[in-house]
1. Please work out which residue is surrounded by the fewest Cβ atoms within 10 Å (Cβ to Cβ), limiting yourself to the stretch 47-76 and to residues that are within 30 Å of GLN172 (Cα to Cα) and polar (S, T, N, Q).
2. Determine, yes or no, whether ASN647 is surrounded by fewer than 19 Cβ atoms within 10 Å (Cβ to Cβ), modelled with pLDDT under 90 and in contact with an Asp or Glu (Cβ under 6 Å, 6 or more places away or on another chain).
3. Taking into account only those residues within the stretch 201-256 that are in a loop (DSSP other than H, G, I, E, B) and of a type in the set (A, V, I, L, M, F, W, C), which is farthest from the chain's Cα centre (by Cα)?
4. Looking only at residues in the stretch 442-489 that are at pLDDT 85 or above and acidic (Asp, Glu), which one is farthest from LEU416 (Cα to Cα)?
5. Can you tell me which of ASN702, ASN681 is modelled with pLDDT under 85 and either buried (at least 18 other Cβ atoms within 10 Å of the Cβ) or not in a helix (DSSP H, G or I) (or both)?
6. Scan the stretch 295-347 for residues that are among the charged types (D, E, K, R) and under 17 Å from LEU42 (Cβ atoms) and jot them down.
7. Looking at this structure, is LEU720 surrounded by fewer than 20 Cβ atoms within 10 Å (Cβ to Cβ) and in a helix (DSSP H, G or I)?
8. Go through the stretch 264-303 and count every residue that is within 27 Å of ARG39 (Cα to Cα), hydrophobic (A, V, I, L, M, F, W, C) and in contact with a strand residue (DSSP E or B) (Cβ under 6 Å, 6 or more places away or on another chain).
Amino acid sequence: MSFIREIIKYKKSILIFFTGLIFAVSLAFTILKNYKDLRDALVLNEQKHLLTIADTTAKSIESYFLEEERSMRILARDTGFLRDFEYLKDKDERYLGESLKIYYKIGAPRIKSIQLLDFKGIILDEYPTKSKDNISKDISDLKDVKKIIKNKEQVLSSVYFENRDPFIYILQPIFNRGKFQGIIRCKLSIDNIYKRFIENIRSGSKGYASVKTKDGIFLMHPKKSQISGHVMQLRKSKYPNYDWSELEKLFEKQRSGEKGVEIYRSVWVTDDDSKMVKKFNGYSQAYIGDTFWIVTVASDYDEVVKIIKKNYYYTVAIATLIVLSISLLAAYIYSIREKKAKLEMKSLHLNEVKKLNSELEEDIEKRKLLAKELVKSKNKYEAMFNSINDCVFVADFENNSFEDIVEVNEKVYKRLKYTREELLKMKYSDIDVGLSVNEGKKILEKMLDKRSVMYETEIKTKFNKKIPVEVSGRLFKMENKYRAILISRDITLRKIQEETVKRSEARFFNIVNKLASDIEGENSDTTKIKLGKDINNQKILLKLEKINIELEKMFKKEMDENKKKEALMIYQSRYAAMGEMVGNIAHQWRQPLSSLSLIISNIEDSFFYGDVDKEDVESLFKKSRMLINKMSETIDDFRYFFKPKTNKEEFHVKNVVTSTVELFNERMRYNGIECNVETENDVKIWGYPNQLSQVILNFINNAVDALLENREKERKIDILISEEKNSAIVEVQDNGGGIPEGVMEKIFEPYYSTKEKKNGTGIGLYMSQMIVEKNFDGKIYVINKNNGACMKIIIPMGGENENA
């Protein structure tokens, strides 16, 4: 019989293990997929943003040169200028007309200088004058001068450099009376173009814009030393050991005339840190004369994705705690059943069990009060972590040993008398002093093999006091390295009780031995019989006392663990609700994000084709703000739902119901579910709004699941808010087929769920009943009607506001 019992126990353990494993894998896959989707969306948005900046800047530079060319043509046709030019050409002395001087002064500092040449390419005059030797100098052999003399058309020269200062010439032919008379040669500062169009472009904390020629020579760059240098030669000469293949491929695409955005690895030359990093690069071409310049805008990849990455780590940590909590809870339930069986066997021989049962019932009432207080005060990971009554250490695990302490809870500071700063500078081996070297190695081997262990040791306080503890340890991986979480439970009381048992045994053995020695000298048979009887009585008393002590210890431990179970159930309910709401937010955001993407594309196309209308742009901006405000309201609703409330308040039931329904709007719309909220009276009650919201959320979520499973069309949820006999009534009715009779009796039991295949926790309705009955002094009912289930809560409208 015992063999069969062991087989059943073994099968249950395997079932629990694989159920937990499947849940953990599913949760991990969901978290990873959501992270990748959100990261890809952020990357795509950043790429579009950089390409827009690069393309807009390139067009601005092109427009700048077109405007300069147009100004030169206007100057060359000016009658005052032509008159001054004829005078200069016919006279030997230098003479520069007022029109040309005015043109220079207006154009400074973008115009560096202006030269006048005759039709043969000889300098007649220049302003301002750098050297008298330039006058009458023949520069007809220059490439740009040759070209304008030959074609007699406006020419943009190649780029020249003076002390890393780039500039370019615009050459304009002068015609008078239809005849080619000379040339205006205007020297333009490229540094002025940089300050005007490029310098103020920033993308994140490190990103910047730069411009280089088709051949890769930097013309504009935030770091002056880069100007006039070749993009590849500069990188390879300074960092010869780096792999520049990605940058070379990117440069080949840029010089081929393509425009786009690439992700590649390079260095930030503007920083002192020279390590290779991942970067975005948006690039476009600005066509200048017969060639083109490459306009690029770069930004840091890690800076773009760091926010979602940080949230991803938090989510993984919380999910790990949830899985660990569920595993511990399953193990706890299993151990409770085993202990209960043993306890029932012993209760057959002890009348004191009745008394202990009554004490246990009293303690259960106290535990319920404690659970009510826990619901009020804790709903965040940090609060839960610091509220653990045991010392919790998180330490690095390297080289098969516990290394630096990276996190502790508040219990550690108080128990060991160290400050948090002191503990984070210590190794875990500085605290754990109760294990020998061989014992420590065996525990580490078990942890590496099983990932979780439990052992007894001693930890040391700041004042060298040693505390006996029971440690539960587990390995987990975070940031590509292993860490250990070590939960140390103070077992001083248990050790004292063990010593008490030992002392009791010794005391009763002494009594027996003393009694035996006192009567040792007597020889009568009557005396021997009496001695044997007394010794037997003492043994019975000793056995009863040991059993009594053991029972007290077992019941105390069971009651403590039941309290933890209740708290875990509360947190599990909150995090299960959080998971549902995160999914709803994803549904809520999908449509406005698509609309925003379409609006941005419309603005980009309008700008690209020059069809920008002020009224259309204002209309698009107004629509964008409305979409963004709607997304912000969704986050506000989420924050309100999980915001801890420590004080009761008077609130409108309709407001809570409406805000909760709004979280499901997109999911219900997507699945074709119609939801109506009808209010006969806008009643107000006294209590915690977010707790009522959790109850309504559980009702709606169950209704949606039932509709999706049982109906293919005409899915409907009706919510009625009314008042009757000074009580507020909320009914949530669906047409999802109703609840089977066998299930109806059990739906308010903890851990009973009909949605095991959908990861149902089985505590949603149990927690809803606890909230309504204990926190609102109300009642909760469920009935089948109108081809569906109807969840009904009745809450008294009286409260602290009436009693005040």
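1. SER63
2. no
3. The extreme case among them is ILE227.
4. GLU456
5. Details: ASN702 fails: modelled with pLDDT under 85.
It is ASN681.
6. At the first step, the residues of the stretch 295-347 found to be among the charged types (D, E, K, R) are 300, 302-303, 306, 309-310, 337-340, 342, 344, 346.
Matches in the stretch 295-347: ASP300, ASP302, GLU303, LYS306, LYS309, LYS310.
7. For LEU720, the condition - surrounded by fewer than 20 Cβ atoms within 10 Å (Cβ to Cβ) and in a helix (DSSP H, G or I) - is not met.
8. Number satisfying all stated conditions: 5.
The values are calculated or read from the model by the stated rules, or taken from the named source; none is laboratory data. If you're wondering where the values come from, they're calculated on a predicted model, not measured in any experiment. Positions of Cβ are backbone-derived with ideal geometry, glycine not excepted, and every protein chain shown enters the neighbour counts.
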